[in-house]
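Some notes on the structure that comes next.
The values are calculated or read from the model by the stated rules, or taken from the named source; none is laboratory data. Please read these numbers as outputs of a predicted model, since none were measured by experiment. Heads up, the Cβs are rebuilt from the backbone with ideal geometry, glycines too, and the neighbour counts pull from every protein chain shown. For the accessible areas, the whole protein counts, side chains as well, though only heavy atoms, and no ligand, DNA or RNA atoms are used. Shrake-Rupley method; radii C 1.70, N 1.55, O 1.52, S 1.80 Å.
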Amino acid sequence: MVKTVWRWATVLGGVVILTTVWLGLSPLVAGAALAVYESGIASDQEYREVVFITGEPLLLSGELKVSLGREKNNAVTNTYYYKLSNAAGDVKLTRRLTLTTTRETTRQQTVEVTRLDKITETITVTRGKVKDTYVLKDNAYQFHKSVVTDHQAAVDYFSGNWNGRKVYTINKDEGEAVVELTGSTVGYSHYWGSTETQLVDYYLETDRLSATSGGARNRWTGTAQVKLALNRTKDLTYVPNEPTPISFRGGYLQTEQEENVLQYTYDLPCFSDGAVMSGRRNQGEDSFKLLSVPTQKRLPVATIRDIGGHWAEDDIARLASLGVFQDTTYFGPTLPMPRAEFARALALLTNMVPAPGPAVKQITLAASKPTSSASPAPAAAVPFVDVPPGHPYYQYIVEVEKRGVMQGASNCFFPDGALTRAEAVTTLIRALGFAGLAPATGYRTTYLDDTEIPIWAVDAIYLATEFGLIQGDRGYVYPNERMTRAEAAAFLNRFITFLQRDLKEHYRERVIYQH
Amino acid sequence: MRRIIAVVFIMLGVIGWLWPYSPAPTVAAVNSPLLGSAVMLPNSNPGYIPPHSKVRYGRVTAIDLADNRLVITGPAGTEEFTLEDSILVTKENQVVDLNRLRLGDWVKVQFSDIYTDTPSRLGIEGKDRQITALYKGQLANVWPLRGEIVLREVEQYGHTKWTKAEDLLKLAVDPTTEIYRQGQRISLTELNATRAGTEVFAAVSNHFGQRRVVKLLVSPGYDRSFYDRIDDIDWASARLVLAGREFSFDDGTIILGNQRLLDPAALQEDQAALVVGTQTENGYQVAAIVVEQVAAPRLQIYRGEVYDVTSDSFALEDYEELDDNEWDGHRRHKFFLTERTKIIDSRETNRAAITVPLNEFVDSQYEQDPDGSDEGRNTVYPYAYVVADGNVALAINVRDSVDSKWERVSTGRVVAVDEGAQQITLDLVKDWSAYYNKWQINPALNYLQVNRAVLVKNGRAIDLTDLLPGEQLYFVRDNVQATVVLVQED
């Protein structure tokens, strides 16, 4: 639903160099996510991964190229080329990996299954005069992965698992190294960002001739855990202007940055002259982070004249910069928020309906009264008798209705009706897709005016409180009060912050730090 | 009957558009007489949630295990919970005792009921959240759009002193960073507006290998540091007295203890602390408070006369237990032996300790005083130091009964381990002072001899090879010779 962000630096005869591995979340790009099941992360500068096959943690970096196949019959085949080495240059890895992902979509969910078509991998380790070569055996790589994605109105959520087993020969006939791995992934994707967190457990087993003790066998086992998270966040920052004689005091800058982190722990043997030391283990942990250079885009400056000094001034100005409100001259912060305008704001902020064109066009539209020219071509169906295809907010209302976020009654949407707090809260909980997380019906919320909460809004108000979207006012939630335009702006900004920051914290820090 | 069924279907149809998927106009919904029927929909377990699925996150601001009370402050505000003994506590994927919980820890509190304040699970986040450094320096650059600041003339706090650090230090700042000036929280953009020459204090954590500011305070002015015990504290007026001076603190004050950010409520009278403040006409305004406390070890350390050895147990009589870093005498304590109980005999002062196999220790039961005032006293291993987890002996160090005036209870950080020499190089050493009732800095002690000591880590006796640089130790020593070394569980 939300498009995965890929950036390609160079195209070389059909093969592209992946400079920013945004290992994506949308259907059929799950194959891309497999590139990091090898415990690696990337920025726009480099790719890094950690391998344990030699019995010590080796941090390798270098180039990852990806050749993306075309989707055909709900399947896509991608090939990944790795060329990595460590900082000292005495460890080198080459790997070529071809994966095919097939997709089944039922209702609002997509199930992807990925299989391994082909892989070759060679790791060489040169220490002094000793050179070890690990070669992945033919047909000795078992791999299975499956991910389910739940497409909600404003957010896609996904979860998946995989397991695999790789067997390497060591110096052709000196022994074998077996790497077993099991991993899980969980994440989300929406207009304001995305996060994927993976937890991978390794079990390593090696049986080889000792390099130094003639004829003796060197046997060891080890474990490792790699935790990594890939995050992309779109943020808004207010930038004030220094000089006073300027037509606007400041404006908002939209930045977008990828922040990919990897943390690993290991329990491996200790070696002395190449031989395993009895009763001693090499245990430790480390982590690193790769950041992309943030992209920047200045947003149009809001010139609303009736919000100066208002408590919600920043919230209103921020949303106005995003083109959420039609009239950018007067806002009317204390007026009730109409249902239709809230539907439009939500649809734009979550990209259910893409923002209407370039900035110049936005300003032109914003300065004028809403007209039917802002609407797209009429859709075939007219869900509400009071929102005809010529209605200025037609496309937004149709979209939020289609996604189950807002509905009306008796074939009417009541576009000019004042939005209540209960309606606003219910709408955002539905947009997030959290409605199914509510307790079994018949419970009470903690609000003192619980009995005033409409029955259809109880779950949403409970959940919004649980997730910190609302806190109430001295114990009251005032569910049936009309939400003012200023309150709606503040609420929508809180919603954006939840998407930008709270979800990231839930999916990254709270998953990694608790494991 | 059919008529009744038809009515029910009609009712459910109306309910269907009202609930739960249709926020219809409020008036219609609220005034609908059918809503009452919706409330009555049959449900055998109203309010049911899957076990552990109600969750709160936050920083621990108060713990009272004696009163089963836990207070956390998080996105949902400050909440108080009641703890039960049955609660499952985990830390970094391991089940741990509740006493591993520290003030300032970040926790995930889980409930199996929406109405209860008694959690079913408690997950403690590990060292990823800890404060790894406290810096002060001048702001050289503030880059709100990159989320970074650069400090110059940087000093780092350590062990009650500020020492020169990097010339220039770049630190990450993100939206979760708390930035304060004069008690008010400000944005990074606002900090940028007054950055020139501004001195700041920054509490920093390791965020996946990157130094990230968790809390930053614009210095109130020229500062002085004082290290002493807190004589008096008044939370209502946010003032404390230390070293004969009065200090005021506010929301912006950086309070650290055990590498964690603390709330003012965690401060206690008689606590040893370093306070950094700026003198004003109304006393000192505090920038930072570092509580130089040492967490009590989870395991217990005893010493006493060995009695009544059996194949499963033994006892200490006229024993002493290390309680709040001081020996406290008692009558008798029985300990159980396990296959893992590590026993050493370190009575020979001119050589390394020898390991005593468990069966040899058990067989010494036949060498006990048969009668008289010492009935049951073990004559082979008459006196020992014991590290125990409850009643289970984890390690026993047989020694002569000594009352050395050089014995100290100390803490320190492992810098390096020399297995050959059986020595640990230490820094940040503190000794407990019973006289001053506080930890005293000991800059003179920089190594520890451990060839006659038992070492315990994660509830098991270990070898020196299992010790890692950076680990915090709590140990009993006689001059530089250690008797018992515990690796602190953070």
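So here's what we get for this one:
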| quantity | calculated |
| --- | --- |
| The stretch A:102-168 - Kirkwood radius from inverse mean 1/r over Cα pairs (Å) | 14.9 Å |
| Sequence of A:Asp306, B:Asp128, A:Asp286, A:Asp273 when ordered by accessible area, the most exposed leading, probe 1.4 angstrom | A:Asp273, A:Asp286, A:Asp306, B:Asp128 |
| Cα-Cα over 29 Å, subset of A:Lys118/A:Lys504; B:Lys127/B:Lys438; A:Lys234/B:Lys215; B:Lys161/B:Lys215; B:Lys405/B:Lys438; B:Lys108/B:Lys334 | A:Lys118/A:Lys504; B:Lys108/B:Lys334 |
| Between the stretch B:118-194 and the stretch B:414-490, the alpha-carbon center distance in angstrom | 31 Å |
| Proportion of all alpha-carbon pairs of the stretch A:112-255 beyond 17 Å (%) | 74 percent |
| Residue-averaged 222 nm ellipticity for chain B, from DSSP H runs of 4+ at -39500 (n - 2.57), nearest 500 | -2000 deg cm²/dmol |
| Cα-based Rg and Dmax for the protein assembly as shown, where Dmax is the largest Cα-Cα distance (Å) | 32.6, 108 |
| log10 of Debye I(q)/I(0), alpha-carbon scatterers only, for the stretch B:275-431 at 0.09, 0.14, 0.17, 0.19 Å⁻¹ | -0.41, -0.80, -1.09, -1.29 |
| Heavy atoms of B:His333: accessible area, 1.4 Å probe, square angstrom to 10 | 30 Å² |
| Cα-centred dipole magnitude for the stretch A:98-214, charges only on beta-carbon of K, R (+1) and D, E (-1), debye, nearest 20 | 280 debye |
| Nearby aspartates and glutamates by direct alpha-carbon distance to A:Lys83 (threshold 17 angstrom, same-chain neighbours under 8 apart not counted) | A:Glu38, A:Asp44, A:Glu46, A:Glu49, A:Glu63, A:Glu121 |
| Where B meets A: accessible area buried, both sides, 1.4 Å probe, Å² | 4600 Å² |
| P(r) weight above 26 Å for the stretch A:32-169, C-alpha pairs, percent | 31 percent |
| Rounded to the nearest 10 Å², the accessible area of A:Lys234 at probe 1.4 Å | 20 Å² |
| Amide H contacts of B:Thr177 (H built 1.01 Å from N, under 5 Å, at least 5 apart or other chain) | none |
| Helix-only [θ]222 nm of chain A, DSSP H runs n ≥ 4, -39500 (n - 2.57) each, per residue, nearest 500 | -4500 deg cm²/dmol |
| Long-range amide H partners of B:Val392 with built H, under 5 Å | B:Phe336 |
| The stretch B:422-490 - Rg and Dmax from Cα coordinates, angstrom | 12.0, 36 |
| Semi-axis lengths (Å, descending) of the ellipsoid that matches the C-alpha gyration tensor of chain A | 52, 24, 22 |
| Relative contact order for the stretch A:125-254, counting Cα pairs under 8 Å that sit 6 or more residues apart, in percent | 17 percent |
| 5 angstrom amide H check on B:Gly183, placed H, neighbours 5+ away | B:Gly252 |
| Surface per residue (accessible, 1.4 Å probe) for the stretch A:281-326, Å² | 50 Å² |
| Accessible area of the stretch B:193-309 belonging to carbon and sulfur atoms, whole % at 1.4 Å probe | 42 percent |
| In sequence order, calculated HN-Hα J values of the stretch A:469-483 (Karplus, 6.51, -1.76, 1.60; Hz; x Gly/Pro) | 6, 9, 10, x, 10, 6, x, 10, 10, 6, x, 9, 6, 5, 8 |
| Whole-angstrom Cα spans of the stretch A:438-497 along principal axes, big to small | 32, 21, 21 |
| Mean projected area in nm² (Cα convex hull; one quarter of hull surface) for chain B | 34.8 nm² |
